[in-house]
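What follows is a set of notes on a single structure, which appears directly below.
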Amino acid sequence: MNAKLYHIGFGRDDFGETPPSIALLSGDPERAKLIAHSYLHSVRLLSENRGLNSYAGLLPNGRSLLCATSGMGASSTSIVVHELVQVGIRLIIRVGSCGSIREHVAVGSTVITSAALCRQGAANDIAPIEYPAAADPFVTVALAHAANTLNVKYHVGITASVDTFYEGQERTQSVQRPLLRYLRGITEEYRSLNILNYEMESGTLLKMASVYGFRAGCVCGVVAQRTVKEDIVLAEKNTAIDNAIQIAIKAAEQWEEPYQ
């Protein structure tokens with residue numbers, strides 16, 4: 001009997017004879033669909049349960065790959081990641097979008113997260129606040145190598161992974177009330193700490209990977225330049241996201257499990 005997981009809507013038996021061990025995880029279900037149908041062959045829809053669209057398919061080299069949806073934010077991500085590990089996934093690469101807080105990290109480029117400043121409630125249920133949210137070093141190198149191979153502009157560094165898009169990322173023009181005192185000036189504070197970008201899921205994913213014993217990394221397309229304005233730069237969004245996808249696909253295709 002195939003035990004389908006409650007939230008993701010599929011189980012191990014749904015993979016067939018070639019179960020994947022690698023998943024590309026996107027917040028947006030349409031991005032998961034785009035990755036599956038643009039880069040894989042023999043694609044099968046596994047589930048659309050709760051809008052958490054998941055697809056299984058094969059990379060050009062024949063490796064099985066899962067394209068899954070985390071939903072927005074850390075709480076949803078934590079649920080999906082738990083269930084992906086239960087169905088046998090051993091490497092998760094988050095493919096997302098982010099906002100730069102540094103002048104040299106331009107819209108259209110990508111950020112590969114080496115570690116995250118994790119300001120997320122869900123992560124505090126996984127491990128203490130002091131517990132590091134660090135990407136697997138082998139995955140980080142694989143992503144950087146893929147970016148070099150593809151000649152895609154990228155940056156490797158620390159990400160601020162926070163729970164909210166507006167208040168938590170100090171969008172003062174978008175929030176029609178004074179921000180809490182600890183959030184006023186926090187972007188400049190993070191900039192002084194050499195943090196590159198804001199996003200909303202990687203911190204919890206990376207803590208979970210260390211605690212539960214799987215590998216994880218994160219690559220995000222830069223879609224906003226917070227040193228200039230708060231808004232998403234829609235004209236560059238598709239380029240940025242496509243760059244992040246290509247890096248993740250190349251890394252997954254070339255991945256070799258390192259000796260432990």
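The values are calculated or read from the model by the stated rules, or taken from the named source; none is laboratory data. A quick note: this is a predicted structure, and the numbers were derived from the prediction, not measured. Here the Cβ is made from the backbone with ideal geometry for all residues, glycine too, and neighbour counts use every protein chain on show. Just the protein is used for accessible areas: all its heavy atoms, side chains included, with ligands, DNA and RNA removed. Shrake-Rupley method; radii C 1.70, N 1.55, O 1.52, S 1.80 Å.
Of the numbered conditions (1) open to solvent by 60 Å² or more (accessible area, probe 1.4 Å); (2) more than 18 Å from the chain's Cα centre (by Cα); (3) modelled with pLDDT of 95 or more; (4) not hydroxyl-bearing (Ser, Thr, Tyr), Phe165 satisfies every one except a single condition; which is it?
With (1) open to solvent by 60 Å² or more (accessible area, probe 1.4 Å); (2) more than 18 Å from the chain's Cα centre (by Cα); (3) modelled with pLDDT of 95 or more; (4) not hydroxyl-bearing (Ser, Thr, Tyr) applied to Phe165, the lone miss is (2).
Anything in the stretch 50-75 that is out of contact with any Ser or Thr (no Cβ under 6 Å at 6 or more places or on another chain) and surrounded by fewer than 21 Cβ atoms within 10 Å (Cβ to Cβ)? List them, or say none.
Matches in the stretch 50-75: Arg50, Gly51, Leu59, Pro60, Asn61, Gly62, Arg63, Gly71, Met72, Gly73, Ser75.
Which of the residues that make up the stretch 223-244 are crowded, with 21+ Cβ neighbours inside 10 Å and part of a helix (DSSP H, G or I)?
Within the stretch 223-244, Ala240, Ile241, Asn243, Ala244 meet the criteria.
Here are Ile35, Ile8: which of them is in contact with a helix residue (DSSP H, G or I) (Cβ under 8 Å, 6 or more places away or on another chain), closer than 19 Å to Glu201 by Cβ and assigned to a loop (DSSP other than H, G, I, E, B)? Please lay out each step first, then the result.
Working: Ile35 fails: assigned to a loop (DSSP other than H, G, I, E, B).
Sole residue among the options that is in contact with a helix residue (DSSP H, G or I) (Cβ under 8 Å, 6 or more places away or on another chain), closer than 19 Å to Glu201 by Cβ and assigned to a loop (DSSP other than H, G, I, E, B): Ile8.
Kindly establish whether Arg102 is touching a residue at least 60 places away in the same chain (Cβ under 8 Å), open to solvent by 10 Å² or more (accessible area, probe 1.4 Å), out of contact with any Asp or Glu (no Cβ under 9 Å at 6 or more places or on another chain) and more than 19 Å from Ser210 (Cβ to Cβ). Steps first, please.
Working: touching a residue at least 60 places away in the same chain (Cβ under 8 Å): yes; open to solvent by 10 Å² or more (accessible area, probe 1.4 Å): yes; out of contact with any Asp or Glu (no Cβ under 9 Å at 6 or more places or on another chain): yes; more than 19 Å from Ser210 (Cβ to Cβ): yes.
So Arg102 fits the description; yes.
If you check Leu206, Leu196, which single one turns out to be under 21 Å from Ser76 (Cα atoms), within 18 Å of the chain's Cα centre (by Cα), outside any loop (DSSP other than H, G, I, E, B) and among the aliphatic types (A, V, I, L, M)? Break it down into steps so the answer makes sense when it comes.
On the way: Leu196 fails: under 21 Å from Ser76 (Cα atoms).
Sole residue among the options that is under 21 Å from Ser76 (Cα atoms), within 18 Å of the chain's Cα centre (by Cα), outside any loop (DSSP other than H, G, I, E, B) and among the aliphatic types (A, V, I, L, M): Leu206.
Within the bounds of the stretch 41-56, is there any residue that is over 15 Å from the mean Cα position of the chain (by Cα), within 22 Å of Cys98 (Cβ to Cβ) and not small (Gly, Ala, Ser)?
yes
On the given criteria, is Leu205 under 30 Å from Leu91 (Cα atoms) and among the hydrophobic types (A, V, I, L, M, F, W, C)? Walk me through it before giving the result.
Values: under 30 Å from Leu91 (Cα atoms): yes; among the hydrophobic types (A, V, I, L, M, F, W, C): yes.
So Leu205 fits the description; yes.
Testing Ile35 on (1) closer than 24 Å to Arg226 by Cβ; (2) open to solvent by less than 20 Å² (accessible area, probe 1.4 Å), one condition comes back false. Which one is that?
The failed condition is (1).
Of the conditions (1) crowded, with 22+ Cβ neighbours inside 10 Å; (2) outside any helix (DSSP H, G or I), Glu256 fails just one. Which one is it?
So Glu256 meets the others, but not (1).
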